[in-house]
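Take a look at the structure set out below.
The values are calculated or read from the model by the stated rules, or taken from the named source; none is laboratory data. Owing to the predicted nature of the structure, the values given are computational and were not obtained by experimental measurement. Here the Cβ is made from the backbone with ideal geometry for all residues, glycine too, and neighbour counts use every protein chain on show.
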Amino acid sequence: MMRNGVPSQARRAVPSSRGHQFEWAWLLGRWATLRGNADADKAARRLFEIGSKGVDPKRGVAMDELDEEFRPVRPTARLWPQTERLNRRWLS
């Protein structure tokens with residue numbers, strides 16, 4: 001089945017990793033702090049906010065992968081995404 005010219009199955013098969021999301025939020029936030037760049041800091045905070053949509057409210061952990069609508073693809077919670085989440089929180 002096609003939706004907007006893209007097979008709908010392919011559209012659902014684009015998981016994102018919370019660990020990467022939090023890592024980039026941390027890297028960008030660190031750069032923003034070192035450069036005094038308010039726009040980059042705002043973007044880093046937004047990345048963290050979006051990444052936080054992947055935190056399971058019952059367990060309080062960042063789930064490994066979500067689809068493009070923030071539904072769990074892999075609701076497991078490896079240690080790496082948790083440490084990246086903590087890194088960014090320390091900068092806030």
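Failed condition for PHE22, given (1) closer than 13 Å to GLU84 by Cα; (2) surrounded by fewer than 14 Cβ atoms within 10 Å (Cβ to Cβ), with all others met?
(2)
Give the stretch 54-68 a look and list any residue that's touching a helix residue (DSSP H, G or I) at 6+ places or on another chain (Cβ under 9 Å) and loosely packed, with under 13 Cβ neighbours inside 10 Å, or say none.
The answer is GLU68, and nothing else.
Among the residues of the stretch 33-55, what is the count of those that are out of contact with any Phe, Trp or Tyr (no Cβ under 8 Å at 6 or more places or on another chain) and closer than 14 Å to GLY19 by Cα?
Number satisfying all stated conditions: 4.
Out of the residues in the stretch 17-55 that are among the basic types (Lys, Arg) and in contact with a Gly (Cβ under 8 Å, 6 or more places away or on another chain), state the one that is modelled with the lowest pLDDT.
Looking at residues that are among the basic types (Lys, Arg) and in contact with a Gly (Cβ under 8 Å, 6 or more places away or on another chain), I get ARG18.
For the stretch 56-92, name all the residues that are farther than 15 Å from HIS20 by Cβ, at pLDDT 90 or above and either part of a helix (DSSP H, G or I) or among the acidic types (Asp, Glu) (or both).
Result: ASP56, single match.
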